[in-house]
Structure formats: C-alpha cells, structure tokens
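Working notes, beginning with the structure itself.
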Amino acid sequence: MISIVKSDSLIGGIEAGGTKFVCAIGHPPNDIQALERFPTTTPEETLGRTLDFFQNQPRLPDSIGIATFGPADVHPDSETYGYITSTPKPGWSNTDLGGVISRELQLPIVFDTDVNGAAVGEYLWGNGQGTKNLLYLTIGTGIGGGALVNGKPIHGLVHPEMGHLFLPRAEGDDYEGYCPFHGTCLEGMACGPAIEDRWGIPAKSMPPDHIGWSFEAHYISLALVNLILTLSPERIILGGGVMQQMHLFPSIRSRVVSHLNGYVQASELTYEIDQYIIPPGLGSKAGVLGAMGLTIQFL
Ligand code: ADP
Ligand code: ZN
C-alpha cells in the first residue's frame, strides 16, 4: 500500500471532530510541516479556519483526506458525497464539508469517517501494520468502529455504526442507557458519558476496582465477539479516552476468549490474545495522520 504513494506528494489532512478540528500538511507520518488545532464551532467559522490553514501554507497539498464525525455521506458516487448528513450536532446537519474544501482549494479530497481514518492510520504507520483486515474501535464520548477489509475501509448502505450494537445486559445491570436512539445499545451502556451518568463519577476518576469496569468489560467484550464473528479481523485496536484505563485490556481479552469458547480456531483468539486486542500505536496525531492516510490509499 505504502509503495504506491508518490514520494513527492504533499498531503493534507483534516480530522473533523465534534469538539475539535485538526489540520495538517506534510509527508506523513514523520514529516508534518504544519499542524493546527481549533475548536469546532459553527460550520462557517470552522470551515473558514480550515481553509485559512491550507491557504496560508507555502504550497497547497496535492490532495486532502478528511476523517469526519458523522453520520456522513462517504460514497464517492453519491450527489451528497462529502456531506455531514443528519448529525444531532447543532448547525452541522447537511453541511457540505468535503465539497467546500474541494471547491475552494481546487483539490481532490477523500472523505471518510473518523474511525475509518483511524483504522487506515494504524494500518499504515501504527499498531495495525501488516494486517489487511483490521478493526479499530474507539470508546470515548461516543463509540464507533472502522474496519479494513483487504486493506480498504468498508462502507455499505451508509457506513458501519458498530457503536450501536445491541447486546445482552450484564447481570445485575439495570441502567436505562444513554443512547438517545436505543437506550441500552453498546454506546448507551459503555461510552464515557454513560459511565459518568450511571455512576455519578467521571470515567477518568473511577477507581480500577469499581464494579463499573467489569460492566464496561462485559459490553466491550461482547461487542468484540460479535465483530470477530462477523468480520474476522486479524487484529483489533481499541482507542478513545475510556481505553486509557489500561486495566480494561486484560479484562476484555479474557472475556473474549471465554465467550468464544474455542469455537474459532486461531491462536490469536487464545494464547496470542495479548497481541490481538491492543491499544493504538499513533499518539496525539493519530486522528489527523489517519485523515492523511485516507488519501494515500487512492493515490
Ligand atoms: P472523543 O470521543 O470526544 O473524540 P475521547 O476519545 O478522548 O474523545 O473520549 C472522551 C471520553 O473519554 C470522555 O467521556 C471521558 O469520560 C472519557 N475519558 C477520557 N479520559 C479518560 C480516562 N483517562 N479514563 C477513563 N475515561 C476517560
Ligand atoms: Zn445507540
């Protein structure tokens, strides 16, 4: 995949998040010539700052990858490709994010979800290297998943929404759930704000021996089992703020092995599980590197 990049291509990236935007230009992953972060406010102001960032560079990039919050139209053939569609984020519904960037800068863009960007970034330069079938799941303010199948991010009718899987409750858990659409889906039970809402304490401050973490491992491990059975990923990367609780990793791994109960024959799902479900390898620039990585696939 990396070998098809033109070595002199200057690449732009936009990590379009619900709370912040990150723009970068350079030759990823190591030669990032400029990078700027700013809060996501109105579409007009935020897109204005994004355009200013690129227009103020000594040279425009050859292409720009945009890894966005959603829901978004990620189908290149669609009339509304590049749009953020029905987001609950005020003011952002039906925003032509990709179109504005592409038209104003006269550049080709690649537009995909933030989680697909993260999966591509990890595949190219992070902990997903060497795995063409990779799953990236983020557990933060929301929960979302991106998957590569044969080295390409999967799309479909819209794009996968793995954060909203329906899962059996943990025994003794009577929380009504935090998802405005489904109540007790994965995101409703396990995202950072759900933890805080249920226990009355920010996830960050919850002690490692709190019962809440075993519920958390319950929901995440069941989701992973369903995704392993559906997608058969060669590796799983778990990112997002909540996964900074490193004690969750062993707890999730052992539950996954136990749920699968030896049915899927692979060493990765038994004695090599420690190398199978792992944290991300790219640090604070992960999101924007992933956005840049989206263009590399298609150059
Ligand atoms: P976002 O999902 O908004 O892009 P993050 O992935 O950082 O951002 O997720 C933020 C969420 O993660 C917050 O809801 C917070 O509760 C939770 N969080 C952040 N840091 C930690 C931590 N160290 N331990 C547990 N939860 C955390
Ligand atoms: Zn939901």
Listed residues H75, H218, H210, most fluctuating in the chain (Gaussian network, C-alpha, under 10 Å): H210
Reachable aspartates and glutamates from K152, criterion Cα separation under 16 angstrom, eight or more residues apart if same chain: D112, D114, E122, E234
Residue order for R255, R59 - accessible surface, 1.4 angstrom probe, largest first: R59, R255
Alpha-carbon centroid distance for the pair the range 226-272 / the range 11-80, whole angstrom: 32 Å
Contour minus Cα-Cα distance for S205 and R169 (0.36 nm per residue): 10.6 nm
Dipole moment magnitude, nearest 20 debye, the chain about Cα centre, only Lys, Arg, Asp, Glu C-beta charged: 420 debye
Degrees separating the helix 114-125 axis from the principal Cα axis of the chain, which is the longest one: 90 degrees
Restraint check, K132/K285; K20/K89; K20/K132, Cα-Cα greater than 19 Å: K132/K285; K20/K132
Gaussian network model of the chain, Cα within-10 Å springs - most flexible of G65, G142, G262: G262
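Hey, can you find the accessible area per residue of the chain for me, probe 1.4 Å, expressed in square angstrom?
For the chain, the per-residue accessible area is 45 Å².
Per-residue ellipticity at 222 nm for the chain, helices alone: DSSP H runs ≥ 4 residues times -39500 (n - 2.57), over residue total, nearest 500 deg cm²/dmol? Provide the component values of the computation, followed by the final result.
On the way: 8 runs with 94 residues, N = 299.
Calculated at 222 nm, the ellipticity per residue is -9500 deg cm²/dmol.
In terms of the Cα gyration tensor, with a ≥ b ≥ c the square roots of its eigenvalues, is the range 1-117 rounded because a/c is under 1.5, prolate because a/b exceeds b/c, or oblate? Spell out each step's value before the answer.
Working: a/c = 1.75, a/b = 1.38, b/c = 1.27.
Prolate.
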Highest-fluctuation residue, E171, E187, E15 considered, GNM on the chain with Cα pairs under 10 Å: E171
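GluC sites (Glu not before Pro), restricted to the range 77-157: which are DSSP loop and have at most 14 other Cβ atoms within 10 Å?
Working: sites: E79, E104, E122; in loops: E79.
Here the sparse-neighbourhood loop sites are E79.
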Rh (Kirkwood; distinct C-alpha pairs) - the chain, Å: 19.6 Å
Nearest-0.05 FRET efficiency for S267 and S86, computed from C-beta distance (R0 51 Å): 0.75
For the range 129-209: relative contact order, % (alpha-carbon pairs under 8 angstrom, 6 or more apart): 22 percent
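May I ask you to derive the relative contact order of the chain, considering only C-alpha pairs under 8 Å and at least 6 residues apart, and to give it as an integer percent? Intermediate values should be presented prior to the final figure.
Values: 598 pairs, mean separation 63.5, N = 299.
Normalised by residue count, the contact order of the chain is 21 percent.
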Rounded to 10°, Cα long-axis angle of helix 211-231 versus longest principal axis of the chain: 70 degrees
Within the chain, percent of DSSP bridges classed antiparallel, to nearest 5: 60 percent
Per DSSP, loop GluC sites (Glu not before Pro) in the range 198-299 with at most 16 further Cβ within 10 Å: E234, E272
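The values are calculated or read from the model by the stated rules, or taken from the named source; none is laboratory data. Note that the coordinates shown come from a computational prediction; the quantities given were computed from them, not determined experimentally. As a convention, Cβ positions derive from the backbone with ideal geometry for all residues, glycine included, and neighbour counts pool all protein chains shown. Note: accessible area is taken over every heavy atom of the protein model, side chains too, but ligands, DNA and RNA are not part of it. Shrake-Rupley method; radii C 1.70, N 1.55, O 1.52, S 1.80 Å.
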